[in-house]
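Report on one structure; see the data block that follows.
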Amino acid sequence: MKIGFIGLGNMGAPMATNLAKLHEVIGFDPVGIPDGIPAAHSATMAANDADVVITMLPNGEILRNVTAEIHPAMKSGAIHLDCSTVDVDSAKDVAQSARGHGIRAIDAPVSGGIGGASAGTLTFMVGADSDSFATVSPLFDIMGQRAVHCGPSGSGQAAKICNNMILGVTMIATCEAFALADKLGLDRKAMFDVVSTSSGSSWSMNSYCPAPGIGPQSPADNNYKPGFAAELMLKDLNLSQMAATAADADTPMGKAARDLYAKFVQDEDGRGKDFSAMLPRFAERTRST
Ligand code: NAD
């Protein structure tokens, strides 16, 4: 397959590098692209001859701008595979633009972070028609270990923001419970041993424990260097609140998590730290602070 890859940042660069081992890849990013991948001078140039154009961009606004640029240039029947995390409406608008230009669009945000992108072990959450999903499945196999077909356009983004809303809420719950355990004089290792094998268990506790020196290796063991940065969690929680507002869904825990991460990132030195650094934040506080 001829692949145009647009947006080769922390995630896009290793994904494109993995694809280039088996496919012809041409890349475009205004900031530069990794060695070994031929560079296009513009997004249009990366897109116009490609069977599949992959975008891995920071947000919905940039995705919409790039979409407006590349869709008119793409070959009839080609696929625009967007792997960015964006709002559901942007994903649906990209699909509508694709229909208007005789091409196909897929939203396929990922879970697994930079490590998963490098190792080719991402999980893809996919909004697409069945034929388009089948066409790009070999690419998911290279970049990831699992691709779940969630439904039509927009479903991939919907799955991603619901998943990350649960993640934000459970991470906060896990961190505040550790801080309470500290104040009750409970040993953190004992807390981990109980909760990780009890009904309070979650991925946040079992696989990404926010307490250093306990459980599997996690950013807590590396002074909370991300990992998954608090500001990226805030981005996803904002997206879930936008979606909840648009769909008139009641999400009080998601809203509380969004507000806490907003405060952490904007007012409390959380920017640039892993999202599990909520634990030292809670541990330093009292009920009245
Ligand atoms: P990043 O900022 O490192 O990369 C984005 C790239 O897009 C940058 O290199 C930037 O130069 C490029 N870009 C910006 N405008 C462009 C344009 N008009 N044309 C072409 N390229 C342009 O971000 P990232 O960490 O690689 O994340 C990419 C997406 O993946 C985001 O939507 C993010 O939410 C999502 N995501 C990230 C992670 C993670 O752990 N980093 C995990 C899951 C999902």
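In this structure, does VAL31 turn out to be surrounded by 22 or more Cβ atoms within 10 Å (Cβ to Cβ) and either among the polar types (S, T, N, Q) or closer than 30 Å to ASN238 by Cβ (or both)?
no
Take the residues in the range 110-154 that are free of Cβ contacts under 8 Å to residues at least 12 places away in the same chain and within 16 Å of the ligand (Cβ to nearest atom), then tell me which one is surrounded by the fewest Cβ atoms within 10 Å (Cβ to Cβ).
GLY115
What residue, among those in the range 9-24 that are more than 6 Å from the ligand (Cβ to nearest atom) and within 25 Å of LEU232 (Cβ to Cβ), is surrounded by the most Cβ atoms within 10 Å (Cβ to Cβ)?
Result: ALA16.
Among the helices (runs of 4 or more DSSP H) contained in the range 158-252, which hold 1 or more residues that are within 16 Å of the ligand (Cβ to nearest atom) and surrounded by 17 or more Cβ atoms within 10 Å (Cβ to Cβ)?
203-206, 230-247
If you go through the range 64-93, how many residues are within 10 Å of the ligand (Cβ to nearest atom) and touching a residue at least 24 places away in the same chain (Cβ under 8 Å)?
8
Quick note: the coordinates plus some simple rules give every number you see, no bench work behind them. It should be emphasised that the depicted structure is a prediction, and the values quoted were computed from it without experimental measurement. Backbone-built Cβ (ideal geometry, glycine too); neighbour counts: all protein chains shown.
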